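Okay, structure first, notes after.
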Amino acid sequence: MLCGFLLFPCQNWDMNPYLLPVLEHGPATLLRMLNQIEPHRLDEALSPDRFTPREAVAHLADWEPILLGRIRTAVENPGTSITAYDEGKRAAEMGYKTKNPSAEAALFIEERKRTADYLKGLKTEDWSKTVVHPERGILNVYDLANMLIGHDMYHLEHLSQYLGDKTAGTW
């Protein structure tokens with residue numbers, strides 16, 4: 001059985017049927033947006049507490065395996081406490097300012113495919129398995145997968161601010 005217009009089998013009717021397709025669309029949307037940002041703006045911060053486009057893309061590529069690791073931990077070792085990270089400190093440690101945005105976007109696409117493939121293989125009962133985040137409390141796999149969408153949208157909205165009239169100028 002297929003979930004509406006979606007091209008993957010429903011394994012859990014309680015799950016949002018848009019979840020897995022949307023997870024797969026995030027990186028492609030990011031790449032299209034990145035390709036529209038003027039190169040001279042890649043290192044421009046719109047505010048002191050936000051990443052530049054270069055840093056945002058590096059952040060997404062860097063965090064995807066961390067987020068998949070949290071999901072794997074919930075499935076394989078339910079109830080385990082996970083580590084919270086300081087995103088700014090990690091950005092400095094991982095050298096986000098020096099990363100190639102195109103290479104990082106390609107890495108994000110590759111890493112997200114791994115995440116989506118892993119999620120597609122889960123059993124119904126796996127989605128309710130949990131981890132304990134020191135700041136957010138108990139999170140199940142479904143929560144963690146949905147957090148990926150929120151994380152994508154936060155950064156996509158941020159990157160959209162660098163596009164100006166380009167998004168509507170072709171209408």
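Derivation of every value follows stated rules applied to the coordinates shown; laboratory data play no part. On a predicted model such as this, the values are computed, not experimentally measured, just so you know. As a convention, Cβ positions derive from the backbone with ideal geometry for all residues, glycine included, and neighbour counts pool all protein chains shown.
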*Enter the angle in degrees (range 0 to 90, nearest 10) between the Cα long axis of helix 141-160 and the first principal axis of the Cα atoms of the chain, meaning the one along which they spread out most.*
10 degrees
*Over the chain, what is the mean sequence separation of C-alpha contacts under 8 Å (at least six apart), divided by residue count, expressed as relative contact order in percent?*
31 percent
*Would you tally the net charge around GLY95, using a Cβ to Cβ cut-off of less than 15 Å, leaving GLY95 out, and scoring K and R as +1, D and E as -1?*
-1
*Cα gyration tensor category, rounded, prolate or oblate, for segment 113-156 with a/c compared to 1.5*: oblate
*Once you sort the root eigenvalues of the Cα gyration tensor of segment 21-105 as a ≥ b ≥ c, which label holds: rounded (a/c under 1.5), prolate (a/b larger than b/c) or oblate (the other case)?*
oblate
*Rounded, prolate or oblate (a/c below 1.5 giving rounded, otherwise prolate when a/b exceeds b/c) for the chain by Cα gyration tensor*: oblate
